[in-house]
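S.K.: Sending over a structure as structure tokens; questions will come in a sec.
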Amino acid sequence: YLISSFWAGQEGSVLFWVFCGAWVGKTLIPRAKPSSLLFYSLIQGILSIILLLNNPFAELNIIPGEGLGLNSLLQNPWMAFHPPFIFLGYASLAVPYVLALGSLLSKGQTEWNIRAFPWTLWGWLNLGTGIFMGAFWAYQVLGWGGYWSWDPVENASLIPWLTGGALIHGLLMEKRQGKMIRSNFVLAIGTYLLVI
């Protein structure tokens, strides 16, 4: 629970998202064009600005004698694994987004899809795993009659997962049959905009 308290609050979640994005960006740097890296840096910059506005290391005005601890609803083993998968999925789905934008900027619409496919698949699998864990956690802890019926956060993760699945199929169709070229740009950009 001490580890999961890192991302239990909004500020810690954004900080963890920035860490996941830095890890993904480190592996992206040797393989991406400068235009794609520019867009990826903008994403990381915007998340960093959010951190500056909501500092996770801000001191409290008063010093409590004893902390309140982690919210009792979050004291569950699934909470230790669910958010890291979600945020790694979010960070990974930024890669097809920036590759598509970089390709549109440089008008090289032929190779971005090949580089975007493994990142899309990786992000989609991580996001799906996180959604499943979060659904099981919600059902186990709250048991309010369904996996996603109660939590807008889980619903918000589900929507880009669905469009990411469509992007996977679109990228495969583009590679094998030369179809869905324009649709894949829309799906790649739309999926990450839905993450945001």
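S.K.: Select, from 39, 19, the only residue that is open to solvent by 20 Å² or more (accessible area, probe 1.4 Å), closer than 26 Å to residue 71 by Cα and either under 17 Å from the mean Cα position of the chain (by Cα) or of a type in the set (Lys, Arg) (or both).
M.R.: Numbers: 39 fails: closer than 26 Å to residue 71 by Cα.
Criteria check complete, one pass: 19.
S.K.: How many residues does region 22-36 hold that are of a type outside the set (Phe, Trp, Tyr) and exposed (fewer than 14 other Cβ atoms within 10 Å of the Cβ)? Step through it out loud before you land on a result.
M.R.: Of the residues in region 22-36, the ones of a type outside the set (Phe, Trp, Tyr) are 22, 24-36.
Next, from what is left, pick out any that are exposed (fewer than 14 other Cβ atoms within 10 Å of the Cβ): 22, 26-27, 29-31, 34.
Qualifying residue count, region 22-36: 7.
S.K.: Here is a follow-up. Tally the residues that are closer than 30 Å to residue 28 by Cβ and open to solvent by 30 Å² or more (accessible area, probe 1.4 Å), restricting the search to region 117-143.
M.R.: 9
S.K.: If you don't mind, there's one more thing I want to ask. Restricting the first residue to region 136-147 and requiring it to be at pLDDT below 65, which pairs with a second residue that is surrounded by 11 or more Cβ atoms within 10 Å (Cβ to Cβ) meet a Cβ separation below 8 Å and a spacing of at least six or different chains?
M.R.: Short answer, once both residue conditions are applied: 144/138; 144/150; 146/139; 147/135; 147/136; 147/138; 147/139; 147/154.
S.K.: Okay, moving on. Between a residue in region 180-192 that is closer than 13 Å to residue 112 by Cβ and any residue that is open to solvent by 60 Å² or more (accessible area, probe 1.4 Å), which pairs come within a Cβ distance under 7 Å, given they are 6 or more apart or on different chains?
M.R.: Every condition considered, the pairs that remain are 181/109; 185/104.
S.K.: Scan 47, 42, 60, 51 and give me the residue that is more than 30 Å from residue 132 (Cβ to Cβ) and either part of a helix (DSSP H, G or I) or of a type in the set (Phe, Trp, Tyr) (or both). Break it down into steps so the answer makes sense when it comes.
M.R.: Working: 47 fails: more than 30 Å from residue 132 (Cβ to Cβ); 60 fails: either part of a helix (DSSP H, G or I) or of a type in the set (Phe, Trp, Tyr) (or both); 51 fails: more than 30 Å from residue 132 (Cβ to Cβ).
Exactly one of 47, 42, 60, 51 is more than 30 Å from residue 132 (Cβ to Cβ) and either part of a helix (DSSP H, G or I) or of a type in the set (Phe, Trp, Tyr) (or both), namely 42.
The values are calculated or read from the model by the stated rules, or taken from the named source; none is laboratory data. Note that this is a predicted model, so its numbers are computed, not measured. Here Cβ is always computed from backbone atoms with ideal geometry, including for glycine, and neighbour counts include all displayed protein chains. Areas reflect the complete protein model, heavy atoms only, side chains present, ligands, DNA and RNA absent. Shrake-Rupley method; radii C 1.70, N 1.55, O 1.52, S 1.80 Å.
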